[in-house]
Amino acid sequence: MYYMIGGFTLDDTVLANGTIEWAAPGGNALYAAVGARVWTDQVGIVGLVGSDYPQRHLDRLRVAGFDLNGVRRIEHPSFHVWILHEGGGRRQILYRLDSGINAALDPRPEDLPEGVALAAGVHVCPILGVSQTALIEHLVDRKIPTTLDLIVIPNQIDVSRGHRPDFWGSLRALLPSIEEVRALFGDLPLRQLIARLQEVSPKAFAIKLGEHGSLVHHPGEGGIYHVPAYPTDVVDATGAGDSFCGGFLVGLQDIGDPIEAALRGTVSASFVIEGYGALHALDATRTSAEERLKVLRPEVRLLEHSLLKDSIEI
């Protein structure tokens, strides 16, 4: 069983063209779980939901076969989030005034179900640094393969607080976006950012680049590879990074190759961005996922030979 630990949200999404989608079921734990579900039926979710979270969303997940023993409802508002797309790939994430808060809704080690002890792998989604650190120390101490993602939300989550980078080397993989890497180390050229990340990362890591795909460190071959995004019609890119992480974890544990893991994560993300919220991607089939893998695999390149250098300074 693979477990995704994090949060559930209800997302009010405003696109640059003025389109609004109200209260779509999202959240990093849900998106990561859906991303993992593309490649395996053995997926569990750990997270807290508020008293106002619609039961129909949880029922849909149970029918789809997710293990929800780690999902608990509490007397507190759920996360309610504005996702404001401003064009050019820019967006803002704002907690609504009636939203719950991380201090109440972040999972803790005591929230982990018994099955986690035997997990094939666990992904710790972006929550408060202190919450992530407590979970990571608990999981790594029990030798449970663990991957980690980070996030920066102005006035909500600061990537510099509560984390222990000295402990990240014990992870199975680190999976931040380029925004978090820059928040950690500054606005340095890409080569320098990669070098700094190598100092604190486990042997396998990936840097998510949004529409540009991802950069993946392959320890066995000693190189940085570019995995492009899968070409598809984007409806809403929310959750792409989280679903990438879910697919990456399953691929890494099943195959042991971070490039193949990133390819699976990229395919997972491609299904999620074709609609609003996370649940529509449950309709993705394994056959269509394998077809997308075949399209992507020949496009993987060593960084030095990648066209990425034309759009991001290296």
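The values are calculated or read from the model by the stated rules, or taken from the named source; none is laboratory data. Remember, it's a predicted structure, so these values are computed and weren't measured experimentally. Cβ atoms come from the backbone with ideal geometry, glycine included; neighbour counts cover every protein chain shown. Areas reflect the complete protein model, heavy atoms only, side chains present, ligands, DNA and RNA absent. Shrake-Rupley method; radii C 1.70, N 1.55, O 1.52, S 1.80 Å.
Table for the structure above
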{"read-out": "Flag if GLY87 is in contact with a Pro (Cβ under 6 Å, 6 or more places away or on another chain) and touching a residue at least 40 places away in the same chain (Cβ under 8 Å)", "value": "no"}
{"read-out": "Residues that are under 20 Å from SER243 (Cβ atoms) and buried (at least 16 other Cβ atoms within 10 Å of the Cβ), drawn from region 100-134", "value": "PRO107, ALA119, GLY121, VAL122, HIS123, VAL124, CYS125, PRO126, ILE127, GLN132"}
{"read-out": "Selection count, region 166-215, where residues are aliphatic (A, V, I, L, M) and closer than 22 Å to ILE144 by Cα", "value": "7"}
{"read-out": "Residues being out of contact with any Ser or Thr (no Cβ under 9 Å at 6 or more places or on another chain), in a loop (DSSP other than H, G, I, E, B) and buried (at least 19 other Cβ atoms within 10 Å of the Cβ) - total across region 145-164", "value": "1"}
{"read-out": "Test for THR19: is it over 17 Å from the mean Cα position of the chain (by Cα) and open to solvent by 30 Å² or more (accessible area, probe 1.4 Å)", "value": "yes"}
{"read-out": "Residues (assigned to a helix (DSSP H, G or I), open to solvent by less than 10 Å² (accessible area, probe 1.4 Å) and either more than 28 Å from GLY7 (Cβ to Cβ) or touching a Phe, Trp or Tyr at 6+ places or on another chain (Cβ under 6 Å) (or both)) located in region 213-246", "value": "SER243"}
{"read-out": "Hey, LEU58 free of Cβ contacts under 8 Å to residues at least 24 places away in the same chain, open to solvent by less than 60 Å² (accessible area, probe 1.4 Å) and assigned to a helix (DSSP H, G or I) or not", "value": "yes"}
{"read-out": "Residues that are in contact with a Ser or Thr (Cβ under 9 Å, 6 or more places away or on another chain), open to solvent by 10 Å² or more (accessible area, probe 1.4 Å) and not in a strand (DSSP E or B), drawn from region 65-79", "value": "ILE74, GLU75, HIS76, PRO77"}
